[in-house]
Ligand code: MN
């Protein structure tokens with residue numbers, strides 16, 4: 001696992017994002033879901049693996065309803081320290097606001113010890129079928145990330161994030177936006193910037209934003 005792509009995209013003299021190093025082994029594996037207002041509002045789903053955060057951009061956010069198959073575009077590995085990052089990313093790559101939507105630890109679905117889980121999760125990632133159990137505040141229970149076969153000309157980075165049917169699954173509509181407090185930094189920013197629709201009145205928090 002490497003942070004080369006992560007580092008190549010960023011200028012660390014102008015962004016507050018962590019420059020990052022590979023983390024050492026710990027007893028529990030971390031996960032985080034960050035809500036990110038860039039050019040588009042999206043969620044970034046990250047799982048610690050081998051000292052970095054494997055990362056997927058999830059446009060609609062995660063769901064606790066097993067009927068939902070949420071598109072998750074795999075992006076570059078992020079440094080382990082990124083799990084605690086929130087704040088404003090200035091002009092440049094990913095410019096905008098990041099807030100932490102959920103975080104906690106995760107295991108493989110057999111709830112193995114960390115070393116065995118690491119092996120199982122890595123194998124799942126390789127095979128394009130990654131099953132895991134989240135222990136967050138909002139997200140709990142078993143999930144899967146399933147890789148889609150790319151069609152001609154498509155990028156080979158599309159996965160689906162799916163909740164397994166367990167005691168934490170819900171059958172009602174699940175909207176991650178509705179699970180976000182109105183007072184979150186991004187929602188405050190959106191409330192301040194939604195009106196009026198005059199020229200130059202809608203100031204973006206950044207520009208040239210992508211993931
Ligand atoms: Mn993002």
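Inspect the range 16-29 for any residue being closer than 28 Å to residue 194 by Cβ and more than 12 Å from the ligand (Cβ to nearest atom) and give the result as yes or no. Can you show your working first?
To start, the set of residues in the range 16-29 that are closer than 28 Å to residue 194 by Cβ comprises 16-17.
Filter again for more than 12 Å from the ligand (Cβ to nearest atom), leaving 16.
Yes, the conditions are met somewhere in the range 16-29.
Screening residue 60 with (1) over 24 Å from residue 118 (Cα atoms); (2) near the ligand (Cβ under 10 Å from one of its atoms); (3) within 12 Å of the chain's Cα centre (by Cα) gives one miss only, at (2). What do you reckon, is residue 16 touching a strand residue (DSSP E or B) at 6+ places or on another chain (Cβ under 6 Å) and closer than 23 Å to residue 179 by Cβ? No. With respect to (1) away from the ligand (no atom under 11 Å from the Cβ); (2) part of a strand (DSSP E or B); (3) out of contact with any helix residue (DSSP H, G or I) (no Cβ under 9 Å at 6 or more places or on another chain), the lone exception for residue 53 is condition (3).
The residue that is nearest to the ligand (Cβ to nearest atom), among those in the range 30-43 that are part of a strand (DSSP E or B) and over 19 Å from residue 140 (Cβ atoms), is 36.
Okay, residues lined up against (1) within 23 Å of residue 121 (Cβ to Cβ); (2) buried (at least 20 other Cβ atoms within 10 Å of the Cβ):
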| position | (1), (2) |
| --- | --- |
| 24 | yes, no |
| 50 | yes, no |
| 65 | no, no |
| 74 | yes, no |
| 77 | yes, yes |
| 82 | yes, yes |
| 95 | no, yes |
| 100 | yes, no |
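Identification of strands (runs of 3 or more DSSP E) wholly contained in the range 83-151 with 1 or more residues that are over 29 Å from residue 40 (Cβ atoms) and more than 16 Å from the ligand (Cβ to nearest atom) yields 96-107, 129-135.
All of the numbers you see were taken from the coordinates with simple rules; none came from a lab. Because the structure is predicted, anything quoted here is derived from the model rather than measured. Don't worry about glycine lacking a Cβ; one is built from the backbone with ideal geometry, like all the others, and counts go over all protein chains shown.
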